[in-house]
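> Below is one structure. I have some questions about it.
The values are calculated or read from the model by the stated rules, or taken from the named source; none is laboratory data. In this text, all values refer to a predicted model and were calculated from it rather than measured experimentally. In this analysis, Cβ positions are derived from the backbone assuming ideal geometry, glycine residues included, and neighbour counts consider all displayed protein chains. Just so you know, the surface numbers come from the protein's heavy atoms only, side chains and all, with ligands and any DNA or RNA stripped out. Shrake-Rupley method; radii C 1.70, N 1.55, O 1.52, S 1.80 Å.
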Amino acid sequence: MDSVSLSSLVDQAKKAFSERFGGEPEVVTAAPGRVNLIGEHTDYNGGYVFPAAIDRYIVVAGRRSDAPSRLVSLEPGLGEAPAFAAADLHRREVQGWAAYAAGVAWVLQQEGFEGVPDVEAVVASNVPMGSGVSSSAALEMAFGKLYDALGRFQLSNKELALYGQRCENRFVGVNCGVMDQMASAMGVAGSAIFLDTLTLDLEPCPLPHGLDIVLCDTRKSRKLAGSEYNERRAQCEAAAQALGVGLLREANLEMLESAKGTLDPLVYRRAYHVITENARCLEFRSALKAGDTELCGWLLRDSHLTLRDDYEVSCRELNVMAEAANAAPGCIGARMTGAGFGGACVALVQAEALGDFVNKASAEYVKRAGREGAFLVCRAVDGARVVESNL
Ligand code: ADP
Ligand code: MG
């Protein structure tokens, strides 16, 4: 467990900024990572998701500059990115991590915003990369807030989230849904965010006092995720077509059961997960509002089971971690979170049992998985913002 401090990240970024570029940044922004409590593989089916922005941040200290843009990440192994000119960007042209920044500038230009500035900027972060807490969306939102402030575009965080998704889809080339950017942009302290990914309606739902979100990282890096992800998307489209709906979110279990005889059994199981997961997401919202943590726990565990057995996106390490977490003291419920094939589980845990929970779950995981996990205790926080400005 680590101590979390946004202000120390801000200090790190500002110090590195003056060492590298001289002087002070004009704007410092921060955007949180996120963890999805329930509603997995539903977003590209137009369904519901339930993420929370967490107290792990990407901080960007930046200043308007002459072309080209120069970006430095303090992440070990990343460092300074190849320079690019904001006014002369072409789709997929920027490679590496700077694509998440350049892509946001590119989308803003495509949207008709004039004068998207070149910048010199430093990135400091405590959002682990590739662990299922969406460092990429946090990076997009932190740069989105920077460009917005420097360009005085007055964009809402919701607009920035949509632009971030477009950046990732079209510029970086990752076919993600809108959940990650919406969570990072629209987070509310102490709440998880119920989001309808079709209408983009969202409703912050306070988490019960005395419960912590624990991210239980398997430390197994995600393999195969890209090709399997595209295959699942195609199977969902096939299911929707067979059921006569545009998106699986419009289907219900009754429709699925009556079509069972005509559906490919694999496509049936994929749709079974998505349809029941959407229903669980709605039930989770009601259970949270009613303070029914026991029901929340059941829903989390059921979610893991259909992800494991019907959607088949889990893996041995995720299953071992989910079982270890669910059996540990104070656990309300745990399940795999994120795309799958590695990454992390999310657990809701009674705060007073936190130490015991981590000890027991980590010991059990090492014993059965043969590797160390990592446990991150998270608080739900507000979404992307400007933290300092000299404009
Ligand atoms: P995640 O699940 O964490 O979003 P992705 O593969 O989508 O995983 O995004 C991770 C990528 O985001 C990294 O490979 C890197 O390009 C970029 N990134 C994340 N954090 C940082 C950082 N602190 N500095 C620079 N780039 C980062
Ligand atoms: Mg990502």
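> Give just the number: which of (1) closer than 23 Å to residue 235 by Cα; (2) surrounded by fewer than 24 Cβ atoms within 10 Å (Cβ to Cβ) does residue 294 not satisfy?
Just one mismatch for residue 294, condition (1).
> To continue, here is another question. Going by the conditions given, is residue 58 within 20 Å of residue 132 (Cβ to Cβ), touching a helix residue (DSSP H, G or I) at 6+ places or on another chain (Cβ under 6 Å), of a type in the set (Val, Ile, Thr) and outside any helix (DSSP H, G or I)? Step through it out loud before you land on a result.
Working: within 20 Å of residue 132 (Cβ to Cβ): yes; touching a helix residue (DSSP H, G or I) at 6+ places or on another chain (Cβ under 6 Å): yes; of a type in the set (Val, Ile, Thr): yes; outside any helix (DSSP H, G or I): yes.
Here the answer is yes, as residue 58 does meet what is asked.
> Residue 122 - would you say it is open to solvent by less than 30 Å² (accessible area, probe 1.4 Å) and within 16 Å of ligand 2 (Cβ to nearest atom)?
Working: open to solvent by less than 30 Å² (accessible area, probe 1.4 Å): yes; within 16 Å of ligand 2 (Cβ to nearest atom): no.
No; evaluated as a whole, the condition is false for this residue.
> Related question: Pick from segment 111-122 the residues that are without any contact (Cβ under 8 Å) to a residue 60 or more places away in the chain and out of contact with any Leu (no Cβ under 6 Å at 6 or more places or on another chain): which of them is nearest to ligand 1 (Cβ to nearest atom)? Quick ask: steps written out before the conclusion?
First pass over segment 111-122, keeping only residues without any contact (Cβ under 8 Å) to a residue 60 or more places away in the chain: 111-119.
If we keep only those that are out of contact with any Leu (no Cβ under 6 Å at 6 or more places or on another chain) as well, we get 111-115, 118-119.
On the way: 111: 23, 112: 27, 113: 23, 114: 27, 115: 25, 118: 18, 119: 14 Å.
Result: 119.
> Take segment 62-97 and flag every residue that is in a strand (DSSP E or B) and either of a type in the set (Asp, Glu) or away from ligand 1 (no atom under 11 Å from the Cβ) (or both).
So in segment 62-97, the residues in a strand (DSSP E or B) come out as 62-65, 69-73, 79-80, 84.
Result: 62, 63, 64, 65, 69, 70, 80, 84.
> State which residue pairs qualify: first residue free of Cβ contacts under 8 Å to residues at least 40 places away in the same chain and inside segment 123-152, second residue open to solvent by less than 10 Å² (accessible area, probe 1.4 Å) and more than 6 Å from ligand 1 (Cβ to nearest atom) in any location, beta carbons under 7 Å apart, and separation of 6 or more residues or different chains.
Matching pairs, first to second residue: 148/160.
> Another question, if that's okay. How many of the residues in segment 132-186 are closer than 18 Å to residue 36 by Cα, within 11 Å of ligand 1 (Cβ to nearest atom), of a type outside the set (Asp, Glu) and crowded, with 24+ Cβ neighbours inside 10 Å?
10
> Among the listed residues 100, 147, which satisfies the condition of being in a helix (DSSP H, G or I), touching a Phe, Trp or Tyr at 6+ places or on another chain (Cβ under 8 Å) and within 14 Å of ligand 2 (Cβ to nearest atom)?
100
> In this structure, does residue 354 turn out to be touching a residue at least 60 places away in the same chain (Cβ under 8 Å), part of a helix (DSSP H, G or I) and open to solvent by 10 Å² or more (accessible area, probe 1.4 Å)?
Details: touching a residue at least 60 places away in the same chain (Cβ under 8 Å): yes; part of a helix (DSSP H, G or I): yes; open to solvent by 10 Å² or more (accessible area, probe 1.4 Å): yes.
Considered against the rule, which asks whether it is touching a residue at least 60 places away in the same chain (Cβ under 8 Å), part of a helix (DSSP H, G or I) and open to solvent by 10 Å² or more (accessible area, probe 1.4 Å), residue 354 comes out as yes.
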